[in-house]
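Before any comments, here is the structure.
The values are calculated or read from the model by the stated rules, or taken from the named source; none is laboratory data. From a predicted model like this one, the values you see are computed outputs, not experimental measurements. A quick note on method: Cβ atoms are made from the backbone with ideal geometry, for glycine too, and the neighbour counts reach across all protein chains shown.
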Amino acid sequence: MEVILEVNGERHSVVPSGRRLLAVLRDDLELLGTKLACGEGACGACAVLVDGRPVNACLLLAEAAVGHQIVTIEGLSVGRAHAVQEAFVAEDALQCGYCTPGQVVSATALLERTPAPTREQIHEAMAGNLCRCGAYPKIERAILRAAGSA
Ligand code: FES
Ligand code: FES
């Protein structure tokens, strides 16, 4: 059955067929910035914003996203780089970059609700975003920079 998904401010007609949101974003809408890694909700590589909150798109059924505002990493950078992305670049907060879209999405959600987070609040908010390259100290600095605290 066809449904309408609102992604990055645009309405898309898709046929989820029981698939997860991540598959629809990548395979149908060709939004390849959102990554598949663990596929079981344990790493945050697939994080997207759903009504402003970070959600692991590898777990969410696409049908469940109907009626909600979905923003992917591509939607954060329409026209120019998002402030969080600029901070990640400035702090060199990535190595392979595979986890980075999810990190940026989760950091964006954090800064939306907590514009000047403490280190503890950053650790708590980012706990679901793993980085196999171990870029955590730089990621923390990037978030502090984006918040204007570094
Ligand atoms: S790929 Fe979704 S949480 Fe790891
Ligand atoms: S930069 Fe490689 S997994 Fe995070």
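Going by what's in this entry, would Arg19 be described as among the basic types (Lys, Arg), touching a residue at least 24 places away in the same chain (Cβ under 8 Å) and either assigned by TED's automatic domain parsing to the domain that holds Leu110 or under 14 Å from Gly128 (Cβ atoms) (or both)? Criteria not met by Arg19. Ala87 meets each of the listed conditions (1) touching a Leu at 6+ places or on another chain (Cβ under 9 Å); (2) within 10 Å of ligand 2 (Cβ to nearest atom); (3) more than 11 Å from Ala47 (Cβ to Cβ) apart from (2).
Taking the condition away from ligand 2 (no atom under 16 Å from the Cβ), over 23 Å from Gly39 (Cα atoms) and in contact (Cβ under 8 Å) with a residue 60 or more places away in the chain, does Ala109 pass? Show your work before the answer.
On the way: away from ligand 2 (no atom under 16 Å from the Cβ): yes; over 23 Å from Gly39 (Cα atoms): no; in contact (Cβ under 8 Å) with a residue 60 or more places away in the chain: yes.
So Ala109 fails the test.
Going by the structure shown, is Val50 in the same structural domain as Asp27 (by TED's automatic domain parsing), aliphatic (A, V, I, L, M) and in contact with a His (Cβ under 8 Å, 6 or more places away or on another chain)? Outline the logic, then answer.
Details: in the same structural domain as Asp27 (by TED's automatic domain parsing): yes; aliphatic (A, V, I, L, M): yes; in contact with a His (Cβ under 8 Å, 6 or more places away or on another chain): yes.
The answer is yes for Val50.
Here Ile139 clears all of (1) closer than 15 Å to Val7 by Cα; (2) hydrophobic (A, V, I, L, M, F, W, C); (3) within 16 Å of ligand 2 (Cβ to nearest atom) except the condition numbered (1).
Just for strands (runs of 3 or more DSSP E) wholly inside the stretch 1-78: which have at least 2 residues that are more than 13 Å from ligand 1 (Cβ to nearest atom), at pLDDT 95 or above and not aliphatic (A, V, I, L, M)? Even if it seems obvious, please write down each step before you answer.
Numbers: elements: 3-7, 10-14, 47-50, 53-56, 69-71.
Counting at least 2 such residues, we get 10-14.
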